[in-house]
Structure formats: C-alpha cells, structure tokens
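Engineer: Mind looking over this structure? Questions follow.
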Amino acid sequence: MALINLHERGKKIQKKADPMVRIAEAKFPSPFEAGLVYSSPARGTWTIAHTSMLIPGSHQIFVCPSCCLRGVVLSAEEMGAMDRFSMLEFTDDHILRGDLEEMIIEGVSEILCEMDVLPTCVLLYTSCVQHFLNIDLHLVYRTLAEKFREVDFIDCYMLPTMRAHFSPEKMQWRQLYRGVDTSLPRNPGAVNLIGSCYEIDPESEIFDLFRRAGMTVRQLPTVGTYAEYKRMGEAAFNIYFNPIVSYAAEDLAKRLQMTPVYLPAVYETKAILENEKRLADALGLSEPIPDHRALAGEADSALDRASAALRDFDIAIDAAAVTRPVSLAKKLFLHGFRIRVLYADAFSPEEKEDFEYLRVRVPELCILPMTDWRMRAVLRKNPAGGRNILAIGQKAAYFTGTKYFVNLVENGGLYGFRGIIRLAKEMTEGALHPRQPREMISEKALGCKDQCARMRHVPPANAGQA
Amino acid sequence: MRIVKRVLSTYSADNFGFCSALYELGGLVVMHDASGCNSTYNTHDEPRWYDTDSLVFISGLTEKDAIFGNDDRLIDDLVKAAEELHPRFVAVCGGPLPHIIGTDFRAVARAVWRRTGIPSFGLQTNGMDSYVKGAGGALAEIAERAEPPGRKRFGLPGKIKINLLGVTPLDFSVNGSVREMEKYFEGHGFCVLSTWAMGNTLDKILASADADVNLVVSACGLPAAKVLLRRFGIPFVVGMPAGRENSREICARLREAAKAGRLQHAGQDRSKTGEEQDAGSAVSRVRPDPAREKRAFPAGNAAKDPELSGEEKQGDEDTEAELLIIGEPVQADALAREISLSGQYEKIRIVCPMAGLPEELLAGKEQLVLEQELRDACACADRIIADPLYRRLLPGEEGKFTALPHTAYSGRYYENEMPVLIGEKLNRWLALPKGPKT
C-alpha cells in the first residue's frame, strides 16, 4: 500500500525533482551534484562482507557499533556463512572508557579460543569510529599476531566515511591480497587475475594467451584452498579489469614486485585487441600470438543478431552492471541497438572519448543517477518514453520497471570477444523471457551464496591451470 | 563488558527504528551518516522498501565534513530536498560518527524549519542503541505534535476509541498482523482511531487524541503513550492482543481504563518556541500523575503482575525454566500470559536482549546480552521460543526451539515464516489446549 504516492503528487513537483539530463547537456565525468543519498532495492553488488568470503578458510571478525554490524552479520546469514563470521559490538561505554584496543584484543582472543579449529586467516574489520578516535591498531594487530602465531591476521576496514580517498571497495581489494605468501620468489609462469568477485570466464580469449605461455592462472573465486590462496604470492603478473583495483595492483607491485597489467573491460574491437597486445607484451609472449580477429567478427555477428531480435526494444545500461557502461553503449549503438538510458552517478575519466562520441551521435540519450535522492520519486518506467525496454543490470531493471533484463553485476566475469558473445546471448534471452525482477535483484551479492556453498562442499580444486 | 557475538546477530539499531516508525507518514526522514546505514536499513529492516514509497534517505557524511564539523552541507541538502519534495515534516537522526563528533540534530532540525517553514525535528540516535529507542523516540516526537482532542470528531458512538501505539514492521512484520490486530479490536467493541505508525496517514495519527485509551502493543509505543498521557490525560494499557485469553484480558483492561476516564488536569500548554507556535503544534506538558500512571500502566503488563511474571515462583537464583521466551518484552509477555493460562507450562522465563528498553517493561524479565549467558539460559530450558537465529546457541539441540522470527533481529531472512499471533491465532500456532487451566 502506497500511503504517499510520490508519483501522483502533481506534474510540477515531478518535473522539478526529475534528475534526468540528456547526454548533450550532461557534464562529464560528474553530471550530478552530491546531496542526500537514495539506496535502491537492487542489491546484487558485492559488499566487503561478501568479497571477504572469497579467501578459503578465512574468518571475518567485525568490530563495530550495532548499526554497522547489522548489515554484515545478516549478509553472512543470507549467504549461509555464519560459521565464518563473528563480531564484537562496542557501545558508548567502551568509547568513554577508552579501552577499545583492549576490548578488541580480548574479544578476538575469546572468539578464537572458543573455536574448535583455528581459522587459517582472520580478516579483522574496524570501522570509522575507531579511526576517528585514533586507536592504536598496530598494538592490536601485533599483540594478536604474537598470541595466535598460526593465524594470519589481515587488517581490514569498513570506513565508508573516508570514501573520498579510498572507497571501501578499493581498500578491500587491496587488503584481500595482503595475506598472500610474501616469501615466495617471483614465478614468471604464474599470473593472478585480481579484483573480480566472479571467475573470469575461462572461455575468454585471454586464456588462449595464458595457455600459449603455459601459465598457471589463479583468481580468488576459484582458489580452492588457503594454501592455493597463499601461492598467489608467487605470481609475476597481476591482471585487473576494473580501475578501482588499481590500488591493490600498485600495492602488490610495490611490496612484491609483481607487474600490474590493466585490461579495462572495453567493448570496441580495436581496444580489445590493444589490450591483448599489451598483455602479450607484458607476459613476454613471442610471435605468433593467438589471432582473435575472427573471434571479433563472431562477436560482431552475435551483436547484429541480437540487435535484430531486439529491434522493438530500447536499451538501458547501469554502471553497476559493467565497469565501462559508456563503452558498452557505444558498441551497442554501432550495432543498431536503440540505446536510450544510462544510469551512473559519475563516469570514469577513461570513458571520455566514448562519452563525447555518444554526445554527438545520440544527443537524446538520457543520463540518470543511481543514488541521487530524486531517484526515489522517479517513475519506474522507460524514461525515454518508449514501450519496451531491455535493462542491462539490476538497477536499470528496477528504475525502468521492466521485466526484460540481463541480471548482470560488475561485468559478471565476462571479458573480451567471448564476453560480448555471451552478453549478446543473455540480452536476447532477457528479451525473450520476461521475469519479475523483485526476487532476483533483492538478493544481496549476486552469486555469493553459490560461491560460499561451492567453497564449503567442493573438494579443493587444482589451481586454475589454464 | 565485551559483547562478543560468535554465532548471534544484533538487534536493529536506533537510527533504523527511527526511520521505520516514520516511514509511512510522508516526512523527509534522513539518517546522518555515510552510505552504509541506508542500505542495511532498507535491505534487512524495511520490508516496505520495494513497494511503499517513502522519503527516507541518508546524508552521505564525508570524512571532511566530520573532521571540520560542517553541518551546513547537511542542512543545505535537507532544505533542498524539502523544498522540492514538500514533505509533511523533516526528521533527522544520526549514526555512530555524528554521535562521536556531537552533531546536534535538534539544532539542525531547527535550522531546516527556519529556512523551509516545514515542521522539523531531530533525535539524538547513535547507531548503538536498539531500535526500541529510535522508534520510541520518533513516535514520541509525533505525539508531542498531536492535535488536542475535540478538534476533529472521530469514532463511533458507544464504542471505546483506542489507538494502537508502537506498530512497526520491526516487531509486527508486514504479514497481516497489523490489520488482524485492528480487526480484532473492531470485532470486540472498540473503534481503532489510529495505528502508530502503519497503514495510517499522518493526519489520522495527529488527530488521534480523541481516543479514550491507548494500547501500547510494543516497547516502541511506550514513550508516545507517556506523552499522550501527559498532554491529554489519555490513559494507556500495555499489551499485545495475542492469545485468546490474554486478548480478552487486554480488552477488559482497556474498558476499565476507558471507564476511569482521562486524567483531568492534563492539557496545560508548556512554553513553546516561536517555531512550534507557528506550526500550530499544540504541545502541552503537565506533570504525570503517578497514581494514574500506575493505574494505567500495569494493565496487560505481565511484568508488573507477579502472577504473570513468575516473580513469586522463581527467585533470582532459580533460573531453570520449562519455557524460555526470548524477544520483545510486550510480545513475550503476551505469549507468557497465554501459555501460563493454558497450563502448558508453569515456569516461564522471559529474556529481552535488546538495549534501550524502558525500565517499566523489564520488571520480571532478564536483560541478557552476552552470548554465554543466553546459551546458559537456553540450556536450562525445556523449550525455547525465540527468533530462529538463537538456535545457533545450542548446536544439536535445535529441536528445543520454536522459531518465532523477529524482523528486528533476523531481518528479512525469515520474513515468509513469520506467524500472525493475534487473538486465537497464537493458540493455533502454539497448538495450545482450548480452555484455561482450572
């Protein structure tokens, strides 16, 4: 029952509160001003409590006030991983007494001493309050490391207030690799794919390069054991696809002299081939390197077929689905799709060229934010006015109110030409098979529950030997 | 005291309770904090988020603003949103960091009120107390702004007019319990003027001071009941109409309280600020009459009744119980009373682990917080009625537990398993014998 129907409060208010801008007039890279924040019910993106589960055998301990704990503990419950989760709740009394260090040391000790088997690794999270109070975390970690020598402690942070410099996700990806074995020598035959919640599709053509080089590939979603996670410390290369992972890649380069290779999740043929060339050069592959131009043709054909199948559909893309939404929009536009809406709070500076292209070629393209407060009052329909709309991403599905959508989060492990072929297939299926998005998009961290179940039941896999 | 949660969850926080209580009233409700609190609240604690519009947002506090104590951005953002959305009121509370830096939410609200002319209020939440404090505080603020009785005439002649206070999804879910509760009283000769605050508009709630008696159905409703008692002399009864006999008793107590009538000397206006006068909020403050409050309060409250609380039957040393109930105090009382009357169990122990409960509701109950204390309590009991997450305390003994999901504890996870306990439905749920023990 809608007691206050924001959508029927008069056109005047509706119009005034509408944040939509056309790309022709949109500022780049930040089209919208900061203000109050709305959080849509699309919950598929992974939080720090979810990505932590990717380290096999790890145990998370959060030290926070109750409002911060509640989200993470119930996330753990929902993903069926409460046995890998504990917490220390602090209150005003602890703050006033000024004994937060002691409280953490004793509380963590109590948790670990009560466990039947000590975890291999503890991800110990502190929150904004401890950092504003400037508690002595070095003392905390040093004491715990001395007390539990068989446990690796990784300092982790839930600091959303300090997001201006390091968003929680950016910081999280850096810390997740802090537990790899730092004593191993660099192995030129080992490569890590870092910073993805989802397994990078082993069908992706970059694996052809790894096979060609005879490399061992490791990535968090597929390392089956803690020992295998530790072995990630031997890699000579870290490959990442999302710019927020650059902080982690730089950290590993600085500490362990691993070479970072950034392969942005782009969609243009030329850019993908340039990525491949950069990867081949970094890996030191000698000619001939695998030629994927034919595969590029297959990807284009797949998009053409999907475009024909979706000729009655407008397309909306959100920035939580893919890391390069503008690049994807341009690619789809070039294949005849009716690109009508982009949902993004801001754009990566890397997308400027594609943005300017669309500004000229598709000036009527609607840009809408995802967390701006005005999005609460926006009508759940196609903002471009068309009838059918296919949404790529959960937030786009929610905001457009469509039943036609691709349930995709953070690239979903798709990369390169084979990624495009899979995306084209999923777009066609999304248009052919309407679904009620509510249940699907309300699930937190799309796929995390299955990932946790796999880690619990599947015997340790061999390292992702390509 | 270290609060170590090895296997348990935590209760919903005060800032979430604040938002939950005000959700349907058409106000602009803002938590001042970084972004995480909003998604936690609307994912786990707000089952209305997808379907029912609201104006609940978070401020997106930044490190810079926190360090420099810059409240201007918050005020500017509130004013901007209020001027575009035209909410009925503006309400602001905060999370842990604003608490640490001492943000004055009442002052923020006053600044917003001055600039927009929209009634505004703030509550000093800290993200550390339980939802009871936040929801209770929010409803009390609404009660401070309720219109004096008689301005608008509601209700049916010959029927006792009541308000149901303390109704949020955190305690009552969205499983039909609220409507069932209203139907129950309507079917027993009462007229439900308003339900604070689900399924009613702000206007209906503000005009609810015509009630003969208020019924506090959860701990969240007690502060508002006290305000309405102080301002208008409306007596109140504490109790949740769950269980056949317990509900009948509550009806009897409501009639008795209504018959006794209003506190006569209520209604004297307290000194008001200019802004409050401008907004026409008829705020009155009188000293509560202890005798009247005493008369009004114990009705339906097992805590004050040794027979119900078992105070005579079990001393502090005797912690063994046949039945242990863990949960919200008013609901737990209702269950205990009905089960006690059925004769199914004699020794019933009630544990309320949430922080910030009003003292009056804790008599005869225990407030255990530590996991080991709760584990010990469960181990001593033959049967336990509690949120399913408490089953984790006794691995291998899950059979002792009867799951009673509580949104304020396990969030949305068990929302499809939440039973309706109103009236006889509790008896059916518990499979209790038909007649009371003779």
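Read-outs throughout are calculated quantities, based only on the coordinates presented, and are distinct from any laboratory measurement. Worth saying up front: this structure is predicted, and the values here are computed from it rather than measured. Every residue, glycine among them, receives a Cβ derived from its backbone with ideal geometry; neighbour counts consider all protein chains shown.
Engineer: What number, in percent, do you get for the relative contact order of region A:219-309 if the mean sequence gap of Cα pairs under 8 Å and at least 6 apart is divided by its residue count? Can you show the working numbers first?
Structural biologist: On the way: 54 pairs, mean separation 18.6, N = 91.
Reported relative contact order: 20 percent.
Engineer: Rank these for me by crowding, B:Tyr345, A:Tyr38, going from fewest to most other beta carbons within 10 Å.
Structural biologist: Details: B:Tyr345 18, A:Tyr38 21.
In increasing order of surrounding Cβ atoms, one gets B:Tyr345, A:Tyr38.
Engineer: Please report, largest first and rounded to whole Å, the three semi-axes of the ellipsoid equivalent to region A:264-364, where each semi-axis is the square root of five times an eigenvalue of the C-alpha gyration tensor. Show your work: numbers first, answer last.
Structural biologist: Details: eigenvalues 145, 65, 21 Å².
Ellipsoid half-lengths, sorted descending, are 27, 18, 10 Å.
Engineer: If you don't mind, there's one more thing I want to ask. Go through A:Lys330/A:Lys381; A:Lys27/A:Lys444; B:Lys5/B:Lys226 and tell me which ones have a Cα-Cα distance over 27 Å in this structure.
Structural biologist: Values: A:Lys330/A:Lys381 23 Å; A:Lys27/A:Lys444 32 Å; B:Lys5/B:Lys226 34 Å.
Checking Cα-Cα distances, A:Lys27/A:Lys444; B:Lys5/B:Lys226 exceed 27 Å.
Engineer: Something else about it: Calculate the length of the line joining the C-alpha centroid of region A:404-432 to that of region B:220-260, in whole Å.
Structural biologist: 57 Å
Engineer: Could you let me know the centre-to-centre spacing of region A:304-348 and region A:189-213, using Cα atoms, in angstrom?
Structural biologist: 26 Å
Engineer: If r is the Cβ-Cβ distance from A:Lys27 to B:Ala363 and R0 is 56 Å, what FRET efficiency results, to the nearest 0.05? Walk me through the numbers before you get to the answer.
Structural biologist: Working: r = 61 Å, r/R0 = 1.09.
Computed FRET efficiency for A:Lys27 and B:Ala363: 0.40.
Engineer: For region B:319-425, which GluC sites (Glu not before Pro) are in a loop by DSSP, counting at most 14 other Cβ atoms within 10 Å? Working shown, then result.
Structural biologist: Details: sites: B:Glu320, B:Glu322, B:Glu338, B:Glu346, B:Glu359, B:Glu360, B:Glu366, B:Glu371, B:Glu373, B:Glu397, B:Glu398, B:Glu415, B:Glu417, B:Glu424; in loops: B:Glu320, B:Glu322, B:Glu346, B:Glu397.
When the GluC sites (Glu not before Pro) of region B:319-425 are filtered for loop state and at most 14 Cβ neighbours within 10 Å, B:Glu320, B:Glu346, B:Glu397 remain.
Engineer: What average count of beta carbons from other chains do you get within 10 Å of the Cβ of residues in A:71-82?
Structural biologist: Details: counts 10, 3, 9, 13, 4, 1, 9, 6, 0, 0, 0, 6.
Average per residue, whole number: 5.
Engineer: Given Cα pairs under 8 Å that are at least 6 residues apart, what percent is the relative contact order of chain A? Numbers along the way, then the final one.
Structural biologist: On the way: 844 pairs, mean separation 108.4, N = 466.
Taking the mean separation of contacting Cα pairs over the length of chain A, I get 23 percent.
Engineer: What value, in deg cm²/dmol to 500, does the helix sum -39500 (n - 2.57) over DSSP H runs of n ≥ 4 give at 222 nm once divided by the residues of chain A? Walk me through the intermediate numbers first.
Structural biologist: Working: 19 runs with 186 residues, N = 466.
Counting only the DSSP helices, I get -11500 deg cm²/dmol.
Engineer: Hey, what's the Cα Rg ratio for region A:48-176 versus the globular rule of thumb, 2.2 N^0.38 Å? Don't skip to the answer; put the middle values down first.
Structural biologist: Values: Rg = 13.8 Å, N = 129, 2.2 N^0.38 = 13.9 Å.
That works out to 0.99 for region A:48-176.
Engineer: Once you list every other residue whose beta carbon is under 14 Å from the beta carbon of A:Met215, what net charge do they have if Lys and Arg are +1 and Asp and Glu are -1? Intermediate results must be reported in sequence, preceding the final value.
Structural biologist: Values: positive: A:Arg186, A:Arg211, A:Arg212, A:Arg218, A:Arg231; negative: A:Asp208, A:Glu234.
Charge balance near A:Met215 sits at +3.
Engineer: Further, regarding this structure: In nm², what is the average projected area of the convex hull enclosing the Cα atoms of region A:299-442?
Structural biologist: Working: hull surface 31.7 nm².
Answer in nm², one decimal: 7.9.
Engineer: To continue, here is another question. Give me the mean projected area, in nm² to one decimal, of the convex hull enclosing the Cα positions of chain A.
Structural biologist: Details: hull surface 94.6 nm².
Computing the convex hull of the Cα atoms and averaging its projections yields 23.7 nm².
Engineer: Roughly how crowded by other chains is peptide B:41-52, in terms of the mean Cβ count from those chains within 10 Å of each of its Cβ atoms? Could you put the intermediate results ahead of the total?
Structural biologist: Numbers: counts 4, 5, 11, 8, 4, 1, 0, 3, 4, 7, 4, 5.
The shielding value for this peptide is 5.
Engineer: In addition: Compute the separation of the alpha-carbon centres of region A:145-186 and region B:115-186 and state it in Å as a whole number.
Structural biologist: Between the Cα centres of region A:145-186 and region B:115-186 lies a distance of 45 Å.
Engineer: Could you order peptides A:269-277, A:342-350, B:33-41 by the average number of other Cβ atoms within 10 Å of their residues, highest first?
Structural biologist: Numbers: A:269-277: 17.4, A:342-350: 19.7, B:33-41: 26.3.
Listed from highest to lowest mean packing, they are B:33-41, A:342-350, A:269-277.
Engineer: Turning to a different aspect of this structure: Can you give the mean number of other chain Cβ atoms that lie within 10 Å of the Cβ atoms in peptide A:103-114?
Structural biologist: Details: counts 4, 1, 0, 2, 5, 2, 2, 5, 5, 1, 0, 5.
Average neighbour count from other chains, rounded to a whole number: 3.
Engineer: Hey, can you rank A:309-317, A:431-439 by average C-beta count inside 10 Å, highest first?
Structural biologist: Values: A:309-317: 21.3, A:431-439: 13.0.
Answer by packing, highest mean first, reads A:309-317, A:431-439.
Engineer: At a 4.7 angstrom Cβ threshold, list every cysteine in chain A that has nobody to pair with, or say none.
Structural biologist: A:Cys67, A:Cys113, A:Cys121, A:Cys128, A:Cys156, A:Cys197, A:Cys366, A:Cys448, A:Cys452
Engineer: While we're on this one: Give, as a single signed number, the net charge of other residues whose beta carbon lies under 13 Å from the beta carbon of B:Lys183, with Lys and Arg counted +1 and Asp and Glu -1. Intermediate values should be presented prior to the final figure.
Structural biologist: Details: positive: B:Arg179, B:Lys425; negative: B:Glu180, B:Glu182, B:Glu186, B:Glu424.
Here the charged neighbours net out to -2.
Engineer: Provide Rg and Dmax in Å for the protein assembly as shown, with only Cα atoms included in the calculation.
Structural biologist: My reading of the Cα-based Rg and Dmax gives 29.2, 97 Å.
Engineer: By DSSP, what percent of the beta bridges with both residues in the protein assembly as shown are antiparallel, rounded to the nearest 5? Walk me through the numbers before you get to the answer.
Structural biologist: Working: 11 of 93 bridges.
Expressed as a percentage, antiparallel bridges in the protein assembly as shown total about 10.
Engineer: Something else about it: Could you list A:Tyr267, B:Tyr50 so that the one with the fewest beta carbons within 10 Å of its beta carbon is first and the one with the most is last?
Structural biologist: B:Tyr50, A:Tyr267
Engineer: Between B:Lys400 and B:Gln372, what FRET efficiency follows from the Cβ-Cβ distance if R0 is 22 Å, with the result rounded to 0.05? Walk me through the numbers on the way to the answer.
Structural biologist: Details: r = 17 Å, r/R0 = 0.79.
With a Förster radius of 22 Å, E is 0.80.
Engineer: Now for a separate question. Binned at 5 Å from 0, what are the whole-percent values of the Cα-Cα distance distribution for region B:335-438, short to long?
Structural biologist: 2, 10, 19, 22, 24, 16, 6, 1, 0
Engineer: If you rank B:Glu245, A:Glu234 by fewest surrounding Cβ atoms within 10 Å, what's the result?
Structural biologist: Values: B:Glu245 18, A:Glu234 21.
Least to most surrounded, the residues fall as B:Glu245, A:Glu234.
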